[in-house]
Structures are given as structure tokens and as C-alpha cells.
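Trainee: Sharing a structure below in C-alpha cells format, with a few things to ask.
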Amino acid sequence: MTIYHRTEIPSPCFVINEAALRKNLALIASVKQRAGVEIILAFKAFALWKTFPIIREYIAASTASSLAEARLACDEMGNKAHTYAPVYTEEEFDGIAACSSHVTFNSLTQYEKHQATCRKYGISCGLRINPEYSDVATTLYNPCAEGSRLGITAAGLRTLPDGIEGLHFHTLCESTSYDLERTLTVVEAKFGRLFSQIKWLNMGGGHLMTRADYDTEHLIAILHSFKARYPHLRLILEPGSAFAWQTGILKARVEDIVTNGNIQTAMLNVSFACHMPDCLEMPYKPTITHAMPPSTPNLPTYRMGGNSCLSGDFIGEWSFKQPLSVGDVVIFEDMIHYTTVKTTLFNGVSHPAIGIIHTDDTFELLRTFDYEDYKQRMN
């Protein structure tokens, strides 16, 4: 995607590449068909609903984690959601139930509280289980860390209450099929005694099957093996990042160069805190097009600075063949999943526009943001 000199693309702007999105969708649909499982889109990672007509060509259903996401499933995906939230409120649950085909509960008490409403809407109910095992190294993203509030442990689930038709686990985060295989071994050992009593097993998200080094053949093999042991179970996977992995960029611009001691900071018209929060939360260092590692000798090196007032709103460092100047374009790669769903209006900083480059190379501006978006958010 050559966008440096495309004047119709504003800055800042999240830019989706339709061809890359379709490539991911084709792979996901292939795994779904070959493995004989259901794969659904997790809105918590990607919820740009103007792309849903494209997604529906490959994948029919979605998973929600809130009333807003469940309504989006009905309104824009065109079907009811598979819904899980850590806790449901009395005020919102009726609305969630009306927009859900499946609801997973985080605790037995939550199920007891809301089961009557689920019966009224004909919902298939499940429980989230915690196998107390995960390969996720970053504690912030590890749902099975010690003391986790997410899911019921084996010790807390001796029997299934009447009306429970499924179990749901989520232990992965941008993980491999081998991580899933190890998790399944633990889940089967701890909860396999309950499988004869349920109709479906939701294996959650984090299956990064569109990453270049992901072993999709191994994934299909372990799913076939699991289905052979439990042929009555309907298997569900709900990745989020895999759908939008490497499907687009964030176009930014250098507004100033600040020097303090030996550190030069390129001040950008975007914010890591507001627009790329996972860079600070994970944390991880994003890829910048045409930039090189800071260890590259004799090249100008810069820290990237965001435009919010947060002192830690920066990531660094990168080297460039030529010194950066005010007005230069900076392209952050792979900035579609877990970005637009997590952006904030902190400081009132200008929110990036959102656009898509279609397969015929035309650019469509999907959304812009202005003062009224900030003002109404603060209302």
C-alpha cells in the first residue's frame, strides 16, 4: 500500500486494505470449513461495521462483550451475538438477551440471577471455565493469572446446573495452535467429565491463524482429533486479531523535532496513549515503514512522541536513512486490530479519520471526527 503521496488520504488516518482483509477472511473461512467448526468475529478486537458487508461474505456470526456490541451484531452483522461479559447488570441484561443467541456467564451466581430471562428469549446458556493454565506471558492479558476474576475453576464446578448447554474458555492472546493444543490437554483433564452434558464448547479467542508463521494444518488436525473424541460437541472459535491482522496502517505526520540531551523525539499528530494504547499496555514496539533498528550505525535516530500531555506518551527508538523533518509522513504498520476499538478522546486530541483502500486501489473515507464528537462525549 503506497500512501505516502496520496493526497486524498488525510493525516492522521487509519487505513484498511480491503485486499489484505479479504485474504485473512478467505483463510479463516477455509479453516472453518476444513475443520468443521464455527469461527466468529470478536468485536472487542475489530468492530468497524462499515466493513461488515465484506466480512459477511466469509463469516456469518460474531461475539459480543457488552450491550453495545450485542446490538451492533443485530443491527449491522445481521444476526444475534454469542455474548460473554465478566458481569451483567440488571439494567442492561434484557437488552443483551434480546440481541443474543448464546450467553456465557462468568459465575454460577450470575447464571442463577439471569437464567429466567434467558429462558424467555430461548437463549443457549454457557459457563466460562478457568483451566488455571495459559501460555500468555503478559500478566495484563493473561486470563488465567493467579486470582483471576474470569471464569470458574474446576474446584468450583463439580456439576452443571440445569439449563447449561455449553462451556467457554479463553486462555490465548495472539497465540499459536501449539498453545491451544497444550490448553486443550488441561481443559480436557479438568473439565472433560462435563463434556457429555453439554452441546457446545467455545474455545475463545487469541487464535492468530492469519499470522505468517501460524501452523493452520496443525490447528485443523487438533480440532479434528478433539471432534473425534467428542463428536456431539459443536466447537466454536472467536478470534479477533486474526481477522484484521496486517490489514492496514495508521498514517501520521511529524509536527516538530524536540531534542533533549542525546535523544531526538519526532513529535507526531497521533498519540500512543489515545490511538495506539496496546503499544503502552502490552507493551510492544510497532513497525514503522522504512525505519530501521536504532542499532544501525551512523543513521539519524528518533524516539516517536505522541501529542497528548501524558509524559509517557512515546515509544522509541528508530533510525532512518535521512533525517526526519516537519511534515514528513510516518506510517505505523498493522494498526487496525485493537486500535479503533480502544481509542480515546483524552486531552481532546484530534482523532484519526478512518478509510479503506478498495481492491481497485480507490480510497474511500469512511469516517472523520471533529470537535462535536469530543463535546458530545463530554456532555
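Trainee: Just list whichever of Lys32/Lys80; Lys50/Lys285; Lys50/Lys342; Lys50/Lys251 have alpha carbons separated by over 26 Å in the model shown. List each step's numbers first, then the result.
Mentor: Values: Lys32/Lys80 19 Å; Lys50/Lys285 29 Å; Lys50/Lys342 17 Å; Lys50/Lys251 20 Å.
Cα-Cα > 26 Å for Lys50/Lys285; rest within.
Trainee: Also, I was wondering about something else. Given the options Tyr230, Ala291, Ile220, identify the residue whose Cα lies farthest towards the positive end of the charge dipole of the chain (+1 on Cβ of Lys, Arg; -1 on Cβ of Asp, Glu).
Mentor: Selected residue: Tyr230.
Trainee: Using the per-residue mean of other Cβ atoms lying within 10 Å as a proxy for protection, in what order, highest first, do the peptides 285-294, 10-19 fall?
Mentor: On the way: 285-294: 15.1, 10-19: 20.3.
The packing order, highest mean first, is 10-19, 285-294.
Trainee: Show the residues, 5+ positions off or on another chain, whose built amide H is closer than 5 Å to the amide H of Arg367.
Mentor: Ile354
Trainee: Could you give each residue of the stretch 81-98 its phi-based ³J(HN,Hα) in whole Hz, using Karplus coefficients 6.51, -1.76, 1.60 with θ = phi - 60°, and x for Gly or Pro?
Mentor: In residue order, the calculated couplings are 8, 8, 10, 9, 9, x, 7, 10, 9, 4, 5, 9, 5, 4, x, 4, 4, 5 Hz.
Trainee: Relative contact order of the stretch 128-269: what whole-number percent is it, with Cα pairs under 8 angstrom and at least 6 residues apart? If you can, show how the numbers build up before the last one.
Mentor: On the way: 210 pairs, mean separation 29.0, N = 142.
Computed over the stretch 128-269, the figure is 20 percent.
Trainee: Place a point 7 Å from Cα of Glu217 in the direction of its Cβ. Which residues in the stretch 173-194 have their backbone N less than 16 Å from it?
Mentor: 177-178
Trainee: So, one more: With charges set only on the Cβ (+1 for Lys and Arg, -1 for Asp and Glu), what does the dipole of the stretch 228-298 come to about its Cα centre, in debye to the nearest 20? Before the final figure, lay out the partial values.
Mentor: On the way: 5 positive and 5 negative charges, 68 e Å.
Its charge dipole is roughly 320 debye.
Trainee: State whether the stretch 172-310 is rounded, prolate or oblate according to the following rule on the C-alpha gyration tensor (a ≥ b ≥ c being the square roots of its eigenvalues): a/c under 1.5 gives rounded; otherwise a/b larger than b/c gives prolate, and the remaining case gives oblate.
Mentor: Prolate is the answer for the stretch 172-310, as a/c is 1.5 or above and a/b outweighs b/c.
Trainee: Starting from the 7 Å offset along Cα-to-Cβ, what nm value, one decimal, do you get for the label separation of Glu281 and Asn142?
Mentor: About 1.8 nm, to one decimal.
Trainee: Once you order the gyration tensor axes a ≥ b ≥ c over the Cα atoms, which shape class does the stretch 1-100 get: rounded for a/c under 1.5, otherwise prolate or oblate by comparing a/b with b/c?
Mentor: Numbers: a/c = 2.84, a/b = 1.46, b/c = 1.95.
In terms of gyration-tensor shape, oblate.
Trainee: What ³J(HN,Hα) values, in whole Hz, does the Karplus curve 6.51 cos²θ - 1.76 cosθ + 1.60 give for the stretch 321-328 when θ = phi - 60°, with x put for Gly and Pro?
Mentor: 5, 10, x, 6, 10, 4, x, 5
Trainee: Turning to a different aspect of this structure: Starting from 0.36 nm per residue, how many nanometres of slack lie between Glu333 and Val87 once their C-alpha separation is accounted for? Can you show the working numbers first?
Mentor: On the way: separation 246, 0.36 × 246 = 88.56 nm, distance 3.44 nm.
That works out to 85.1 nm of additional length.
Trainee: Same structure again: Taking square-rooted eigenvalues a ≥ b ≥ c of the alpha carbon gyration tensor, is the stretch 305-366 rounded, prolate or oblate, where a/c under 1.5 means rounded and, failing that, a/b exceeding b/c means prolate? Working shown, then result.
Mentor: Numbers: a/c = 2.02, a/b = 1.19, b/c = 1.70.
In terms of gyration-tensor shape, oblate.
Trainee: Quick one: 3J(HN,Hα) in Hz for the stretch 277-282, Karplus 6.51/-1.76/1.60 with θ = phi - 60°, rounded, Gly and Pro as x.
Mentor: For the stretch 277-282, the Karplus curve yields x, 4, 4, 8, 7, 4 Hz.
Trainee: Need one number: the % of Cα-Cα pairs in the stretch 148-241 sitting beyond the 15 Å mark.
Mentor: Details: 2704 of 4371 pairs.
That tail contains 62 percent of the Cα-Cα pairs.
Trainee: Give me the one-decimal nm value for the distance between modelled label points at Glu8 and Lys23, 7 Å along each residue's Cα-to-Cβ direction.
Mentor: 2.2 nm
Trainee: Tell me the mean residue ellipticity at 222 nm calculated for the chain from its helices only (DSSP H runs of n ≥ 4, each -39500 (n - 2.57), averaged over every residue, nearest 500). Present the calculation step by step, with values, prior to reporting the outcome.
Mentor: Values: 11 runs with 99 residues, N = 379.
The helix-only estimate for the chain comes to -7500 deg cm²/dmol at 222 nm.
Only the coordinates and a few stated rules stand behind these numbers; no lab work does. Because the structure is a prediction, the values reported are computed rather than measured. All Cβ positions, even for glycine, are placed from backbone atoms using ideal geometry, and neighbour counts span all protein chains on display.
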